[in-house]
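Peer 1: This structure is in structure tokens; I'll ask about it shortly.
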Amino acid sequence: MDIQTLISRKQYNDIAALIKSRALTIIDFITTLHPYLVDSDDDTRANANFCLSSVIALIADTLTIQQVSVLLQFFIDKLNDSATIESSLDAIAILSQSVLADSDLTAVLEALNIIDMQVLLQPVRYNVFKLANVLLDVQKLPNSFVETYISLATGEKDPRNLLVSFENVYLIISKLDISQSVEDLFDICYCYFPILFKASANSTNITPDQLKISLNKALSATPLFAPQLIPSLLEKLNSTATSVKDDALTLLTACISSYEPEVVDSYYKSIWNAVKFEVYHTPEDSTRLLSLKLLQTLATSLSLSESNSVTLYIEAVVNESVTKITDPSAKDLLPYSSLLSSVAQSTPYAFKKIADAVINEVINTCQRSSDIAKKKSLLAILSHLVESSYKAYGSAHTDGTFQPQKLSNPLIDYSQTLLDTYNDYIFSTSDPQFRILAIEGVVLLAQSSLLSRDQLSSSIQYIDEILLTNTDKALTDASLKALQSLSNIDDSLIIDISFPALLSALDSAEHNLREYGSVLYSLSCLSVRRSVFDVLVRRVLSRVDSSSDEEHLNTLLGALLYSLKIHQDTDYTYYVSRLAEPLIARLVRSWTRSSLSIMSSSSKIVQTIARIVELIIRNSTTQESFASELITLMFSENSSKFGEGENFHPLKSQADISKSENALILFCRSFAPLKQDIPITGIDIISLVKSLYEFELKSKDVHSYRLVTLTLLSNKYLQDAGTIENLASFDSPSDLEKLAWISKGLCMKMHGYGFQVFEECLNKIGDERLTPMQVIAIEVILADNEIVGKENGAQIMRLYRQRCLGIAVPIIIAKSKEGTDLEKTNSLIALGKIIKHVPAKAVSNEMGQLFTLLLQCLDIEQPDIQEAAEEAIIASLDLNGDIVEEHLNSVTNRMLKLSISGKSADVRRKALECITHIPLILKRSEVQIIAKKVLKEVVPALNDSRRTVRKAAVDCREAYYRFELAN
């Protein structure tokens, strides 16, 4: 292919490859292009110049110094041509990415000097700024370039260009002497402060935050700007606009951080006087936090100065704060507390000065005051200071081992005083919130390594006493949270002090089940660390072995289950042999005894044990060996370690139905979390499905576990559904129920046979023999299940419910139009069940066909169906508003009726939410038709017995009031 063809097809990579391989010389390439480069047509010249620029970009690293020089001069000459200036600037920037000869650099700078930015379009100006950026980054520029750049940047408004311009100013300040142009350089940046640009979807990709960061970087880069910048920023704090204040505080903080301490020293008084007002009086959290950060940064900077300004500054902070703290009439001390703690964190010197000046004053004032609100504020000041030391000087270990005090922390001298103060308020007041503040203070002292082991022990005893004697829930929760935190510092103290106290209380509460459960809850909450949980396991299991009361035994086991759920460990392998296997062994022993025990006969206890085993196995790495032992126990002739030599295989033989039923509960939950790739040996899955199909059960509760087990087996292990097809029967509701649960597992993994069963359930929707089981079966296939879920490794394909919906829609529409009365009724019920579980967006895609049926679902007096229909209609408002518009009167009438007569609060609330949504989506002309009716008929809902419904009614009325006012 010749060069002319490559040029015409814009195959620049191919041209560059020819030049690099020396099959084509640059001279020949330019000679070929020359007629186009000098053509009288602007577009022709522009395209040719762009072609040359694009090829140069691809071969720049192969060019000689002489070639660079020639090409530079060529493109500089082209800057005078408006058709070629943009691509010429690109080419000059590319050629300038290596160090230029002095004469070439001079030529480029002279060219920039004569560019008139005011007549150029934004993309061209952008290329000028990018060229300046390359020159500043790569070349050694003369100081005279400062004036050149000021001329180029003056008057720029486009955010894309400004972003580069601000970066260029930063580079100029960093690399060149700006002393002769300070004011002009400052002006071309500060004139944009504060950034008021707001990004829009159809403008640029530049955000206001990007511009702010770049501008702040430039303005804070040199102290030469300080005389103009700092006073101006302080003046901005008088603005009524929060965003302006926040931007000024952010930039001022950046300046303090980057300027030399001696420069900051000369402005600190004016900064302090202006910014402290924002700490004390601003209602905006963002402004207050930025002010506190600034004052902390100011203390850090002044500490590096050789003057005594930092001392004077801290004294000013302390004096102003102490004056307010000791003022008996002062109530809200939070601003002063925040100020002291923020400045205290700046340096060790600042922290010690503030601590020495404030702590005793605060404690004494607290003791003198009789005002509870003031005492709380004063206690908060102490805690803020302790927390500051925690952040400034480090904290105790959080691995449960004790860390000695850090002598470098100046609060060590006050630790006993602070501890005594907190302890006094823990017991000397009946105000729960006050006591909570004191408890939190003790924890902060411990976390800051300010307490000895003996002090920590005493504190734990005090908190234990509160835990066991108080009745306020918030105080109990705070006490538990505190003990959990202290456990992270030294868990042995929780074991040695808290556990004996709580276990003693547990024994005392044996005849009060509510109190018994409360103490066990406390023990569970404290057992989040393995070492503590080990103790809980030992203590609970010893009581399990001796307990003969079902409720007490179940409460004990529930404590283990809850503690596992909130446990810090993520790998529970350790607990397989420590807890799961011992619990199963205890169950087996109880089943093999000749006389019945509470553990063997109570399905409630078996379920709790099964939940514990499920949770442990789900998070363990020894699933394979556990699965082998479980199968052996339940089905094999061999002895399992769980059975301890007993000939007990409850699911192989049903000699004792009650034991087999309870064993099925244990098997279902223990089997559920096994990963799909865990080999299941010693049993044939198909045979197991058949036996479960025929399993005789007396308990309806256990029946659900049989059904879930069928789903687990079909989902994880059945690949061929042939055997299941032989079992499949629609002869009775009970057969259909079992088939539905098997099909559920198959549908979840998108197995075709499962969808065949789903379709058959729909086809038999008018069969009186099966009603209502065929509708129940439809919901079974679609509904979530606690045991067969992602957590337990079930295969759940994302679109299986949508596929079910696609099967259902034509059948339901046909049955509702031409079916019998029973088919029509069951079709609507089935539709309600389906939309309850299918994503709203998928339902909305079918809304054109289903909407009239959805309206009829609202008339079926089953709350779950009505609620599902309401949710689908709300989704339709967002996605298919025109369909709702067609049926607006019907929707409004039904929803208003449900808002008053709906049987459940959720149905009434969602009906009101649907009505509220209408004016936000539909045309004003349509909403106008129903507005007065809604305002009149929504009134009864305002007096509903449920708060959520009343709130929805208020929101609804307000939406329509606003609509009426707007019209």
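Peer 1: Of the numbered conditions (1) surrounded by fewer than 18 Cβ atoms within 10 Å (Cβ to Cβ); (2) part of a helix (DSSP H, G or I), Ile256 satisfies every one except a single condition; which is it?
Peer 2: (1)
Peer 1: So which of Arg22, Arg45, Arg9 ends up being open to solvent by less than 50 Å² (accessible area, probe 1.4 Å) and among the basic types (Lys, Arg)? Break it down into steps so the answer makes sense when it comes.
Peer 2: Values: Arg22 fails: open to solvent by less than 50 Å² (accessible area, probe 1.4 Å); Arg9 fails: open to solvent by less than 50 Å² (accessible area, probe 1.4 Å).
None of the others qualify; the one that does is Arg45.
Peer 1: Let me ask something else about it. Please find, within segment 325-339, the residue that is nearest to the chain's Cα centre (by Cα) out of those that are under 13 Å from Leu379 (Cα atoms) and assigned to a helix (DSSP H, G or I).
Peer 2: So, considering only residues that are under 13 Å from Leu379 (Cα atoms) and assigned to a helix (DSSP H, G or I), the one nearest to the chain's Cα centre (by Cα) is Ser338.
Peer 1: In segment 99-147, which residue that is of a type in the set (S, T, N, Q), under 19 Å from Asp77 (Cα atoms) and surrounded by fewer than 16 Cβ atoms within 10 Å (Cβ to Cβ) is nearest to the chain's Cα centre (by Cα)?
Peer 2: Initially, segment 99-147 is screened for residues of a type in the set (S, T, N, Q), giving 103, 106, 113, 118, 122, 127, 133, 139, 143-144.
When the remaining residues are screened for being under 19 Å from Asp77 (Cα atoms), the result is 103, 106, 113, 127.
With the extra rule that they be surrounded by fewer than 16 Cβ atoms within 10 Å (Cβ to Cβ), the set shrinks to 103, 106, 113.
On the way: Ser103: 58, Thr106: 55, Asn113: 52 Å.
Ranking the qualifying residues of segment 99-147, first place goes to Asn113.
Peer 1: Only one of these is buried (at least 19 other Cβ atoms within 10 Å of the Cβ) and either in a helix (DSSP H, G or I) or modelled with pLDDT of 90 or more (or both): Val318, Val322. Name it. Outline the logic, then answer.
Peer 2: Values: Val322 fails: buried (at least 19 other Cβ atoms within 10 Å of the Cβ).
Exactly one residue qualifies, and that residue is Val318.
Peer 1: Next question, about the same structure. Taking the condition of being over 31 Å from the mean Cα position of the chain (by Cα) and either closer than 18 Å to Ile439 by Cα or part of a helix (DSSP H, G or I) (or both), how many residues in segment 367-387 meet it?
Peer 2: Pass one, segment 367-387, residues over 31 Å from the mean Cα position of the chain (by Cα): 367-379, 381-382.
Still in the list and also either closer than 18 Å to Ile439 by Cα or part of a helix (DSSP H, G or I) (or both): 367-368, 372-379, 381-382.
Going through segment 367-387 one residue at a time, the tally reaches 12.
To keep it simple, each residue is scored yes or no on (1) of a type in the set (Val, Ile, Thr); (2) under 32 Å from the mean Cα position of the chain (by Cα).
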position: Leu437; (1), (2): no, yes
position: Gln447; (1), (2): no, yes
position: Ile463; (1), (2): yes, no
position: Leu483; (1), (2): no, yes
position: Glu510; (1), (2): no, no
position: Asp549; (1), (2): no, no
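Peer 1: Name the one entry in Ser485, Ser527, Ser492, Ser518 that is among the hydroxyl-bearing types (Ser, Thr, Tyr), at pLDDT below 95 and not in a helix (DSSP H, G or I).
Peer 2: Working: Ser485 fails: not in a helix (DSSP H, G or I); Ser492 fails: not in a helix (DSSP H, G or I); Ser518 fails: not in a helix (DSSP H, G or I).
That would be Ser527, the only listed residue that is among the hydroxyl-bearing types (Ser, Thr, Tyr), at pLDDT below 95 and not in a helix (DSSP H, G or I).
Peer 1: Identify the single condition in (1) modelled with pLDDT of 95 or more; (2) within 17 Å of Asn168 (Cα to Cα) that Gln210 does not satisfy, given that it satisfies every other one.
Peer 2: (1)
Peer 1: May I pose another question? Please verify whether segment 881-895 includes one or more residues that are modelled with pLDDT under 90 and β-branched (Val, Ile, Thr).
Peer 2: yes
Peer 1: Can you list residue pairs whose Cβ atoms sit under 9 Å apart, with the first residue in segment 29-52 being farther than 14 Å from Ile15 by Cβ and among the small types (Gly, Ala, Ser) and the second being open to solvent by less than 70 Å² (accessible area, probe 1.4 Å) and assigned to a helix (DSSP H, G or I)? Count only pairs 6 or more apart in sequence or on different chains.
Peer 2: Ala46/Ser87
Peer 1: Give the number of residues within segment 750-775 that are over 39 Å from the mean Cα position of the chain (by Cα), assigned to a loop (DSSP other than H, G, I, E, B) and in contact (Cβ under 8 Å) with a residue 40 or more places away in the chain.
Peer 2: Number of matching residues: 6.
Peer 1: If Cys525 satisfies all but one of (1) touching a helix residue (DSSP H, G or I) at 6+ places or on another chain (Cβ under 7 Å); (2) under 23 Å from Gln416 (Cα atoms), what's the number of the condition it fails?
Peer 2: So Cys525 meets the others, but not (2).
Peer 1: Looking at (1) in a helix (DSSP H, G or I); (2) of a type in the set (Lys, Arg); (3) open to solvent by 40 Å² or more (accessible area, probe 1.4 Å), find the lone condition where Lys198 falls short.
Peer 2: (1)
Peer 1: Among the residues of segment 211-220, what is the count of those that are small (Gly, Ala, Ser) and under 12 Å from Leu185 (Cα atoms)?
Peer 2: Keep residues of segment 211-220 that are small (Gly, Ala, Ser), which gives 214, 218, 220.
Still in the list and also under 12 Å from Leu185 (Cα atoms): 218.
Qualifying residue count for the region: 1.
Peer 1: Let me ask something else. Could you say which residue among Phe648, Phe626, Phe671, Phe635 is modelled with pLDDT of 90 or more and within 25 Å of Tyr693 (Cβ to Cβ)?
Peer 2: The conditions single out Phe671.
Peer 1: Looking at (1) modelled with pLDDT under 85; (2) in a helix (DSSP H, G or I); (3) surrounded by fewer than 20 Cβ atoms within 10 Å (Cβ to Cβ), which is the one condition that is false for Phe730?
Peer 2: So Phe730 meets the others, but not (2).
Peer 1: Kindly check whether there is at least one residue in segment 340-351 that is under 41 Å from the mean Cα position of the chain (by Cα), hydrophobic (A, V, I, L, M, F, W, C) and surrounded by fewer than 23 Cβ atoms within 10 Å (Cβ to Cβ). Step through it out loud before you land on a result.
Peer 2: Just the residues of segment 340-351 that are under 41 Å from the mean Cα position of the chain (by Cα), to begin with: 340-351.
From what's left, hydrophobic (A, V, I, L, M, F, W, C): 340, 343-344, 350-351.
With surrounded by fewer than 23 Cβ atoms within 10 Å (Cβ to Cβ) added as a condition, the list becomes none.
Scanning segment 340-351, I find no residue that is under 41 Å from the mean Cα position of the chain (by Cα), hydrophobic (A, V, I, L, M, F, W, C) and surrounded by fewer than 23 Cβ atoms within 10 Å (Cβ to Cβ), so the answer is no.
Peer 1: Taking segment 159-175, which residues are open to solvent by less than 50 Å² (accessible area, probe 1.4 Å) and free of Cβ contacts under 8 Å to residues at least 40 places away in the same chain? Before the answer, list the steps.
Peer 2: From segment 159-175, those open to solvent by less than 50 Å² (accessible area, probe 1.4 Å) are 159, 161-166, 168-169, 171-173; that's our starting set.
Residues satisfying the conditions are Asn161, Val164, Ser165, Asn168, Leu171, Ile172.
Peer 1: Would you point out which residue out of Ser103, Ser53 is closer than 23 Å to Asp43 by Cβ and either at pLDDT 90 or above or part of a helix (DSSP H, G or I) (or both)? Give the derivation first.
Peer 2: Working: Ser103 fails: closer than 23 Å to Asp43 by Cβ.
Unique residue meeting the criteria: Ser53.
Peer 1: With the structure loaded, tell me whether Ile813 is assigned to a helix (DSSP H, G or I), open to solvent by less than 30 Å² (accessible area, probe 1.4 Å) and without any contact (Cβ under 8 Å) to a residue 60 or more places away in the chain or whether it fails that test. It would help to see each step written out before you state the result.
Peer 2: Values: assigned to a helix (DSSP H, G or I): yes; open to solvent by less than 30 Å² (accessible area, probe 1.4 Å): yes; without any contact (Cβ under 8 Å) to a residue 60 or more places away in the chain: yes.
Here the answer is yes, as Ile813 does meet what is asked.
Peer 1: In segment 21-53, how many are of a type outside the set (A, V, I, L, M) and farther than 26 Å from Asp77 by Cα?
Peer 2: Step one: of segment 21-53, the residues of a type outside the set (A, V, I, L, M) are 21-22, 25, 28-29, 31-32, 34-36, 39-45, 47, 49-51, 53.
Subset that is farther than 26 Å from Asp77 by Cα: 21-22.
Here the count works out to 2.
Peer 1: Of the conditions (1) out of contact with any Lys or Arg (no Cβ under 6 Å at 6 or more places or on another chain); (2) open to solvent by less than 40 Å² (accessible area, probe 1.4 Å); (3) within 21 Å of Leu523 (Cβ to Cβ); (4) assigned to a helix (DSSP H, G or I), Leu556 fails just one. Which one is it?
Peer 2: (1)
Peer 1: Consider Leu736 against the criteria (1) crowded, with 17+ Cβ neighbours inside 10 Å; (2) without any contact (Cβ under 8 Å) to a residue 24 or more places away in the chain: it satisfies all of them except one. Which criterion is unmet?
Peer 2: All conditions pass for Leu736, except number (2).
Peer 1: Looking at segment 567-576 only, could you name the residues that are at pLDDT 90 or above, under 15 Å from Val535 (Cα atoms) and surrounded by fewer than 23 Cβ atoms within 10 Å (Cβ to Cβ)?
Peer 2: Answer for segment 567-576, where residues must be at pLDDT 90 or above, under 15 Å from Val535 (Cα atoms) and surrounded by fewer than 23 Cβ atoms within 10 Å (Cβ to Cβ): just Tyr574.
Peer 1: Determine whether Ala299 is open to solvent by less than 30 Å² (accessible area, probe 1.4 Å) and not in a helix (DSSP H, G or I).
Peer 2: Details: open to solvent by less than 30 Å² (accessible area, probe 1.4 Å): yes; not in a helix (DSSP H, G or I): no.
In short, no.
Peer 1: Does segment 451-472 contain any residue that is open to solvent by less than 10 Å² (accessible area, probe 1.4 Å), modelled with pLDDT under 90, assigned to a helix (DSSP H, G or I) and in contact with a Lys or Arg (Cβ under 9 Å, 6 or more places away or on another chain)?
Peer 2: Within segment 451-472 (the criterion being open to solvent by less than 10 Å² (accessible area, probe 1.4 Å), modelled with pLDDT under 90, assigned to a helix (DSSP H, G or I) and in contact with a Lys or Arg (Cβ under 9 Å, 6 or more places away or on another chain)), the answer is no, since none of the residues qualifies.
Peer 1: Only one of these is surrounded by fewer than 19 Cβ atoms within 10 Å (Cβ to Cβ), over 39 Å from the mean Cα position of the chain (by Cα) and over 18 Å from Val775 (Cα atoms): Glu871, Glu886. Name it. So that I can check it myself, show each step before the final result.
Peer 2: On the way: Glu871 fails: over 39 Å from the mean Cα position of the chain (by Cα).
Within the list Glu871, Glu886, the selection yields Glu886.
Peer 1: Take Asp209 and decide whether it is touching a residue at least 24 places away in the same chain (Cβ under 8 Å) and assigned to a helix (DSSP H, G or I). Can you show your working first?
Peer 2: Details: touching a residue at least 24 places away in the same chain (Cβ under 8 Å): no; assigned to a helix (DSSP H, G or I): yes.
In short, no.
Peer 1: Quick one: would you say Val939 is surrounded by fewer than 21 Cβ atoms within 10 Å (Cβ to Cβ) and of a type in the set (Val, Ile, Thr)? Don't jump to the end; show me each part of the working.
Peer 2: Details: surrounded by fewer than 21 Cβ atoms within 10 Å (Cβ to Cβ): yes; of a type in the set (Val, Ile, Thr): yes.
Yes.
The values are calculated or read from the model by the stated rules, or taken from the named source; none is laboratory data. Quick caveat: nothing in here was measured; it's all calculated off a predicted structure. Note that we place each Cβ from the backbone using ideal geometry, even for glycine, and neighbour counts take in every protein chain shown. Side chains included, ligands, DNA and RNA excluded: accessible areas come from the protein's heavy atoms. Shrake-Rupley method; radii C 1.70, N 1.55, O 1.52, S 1.80 Å.
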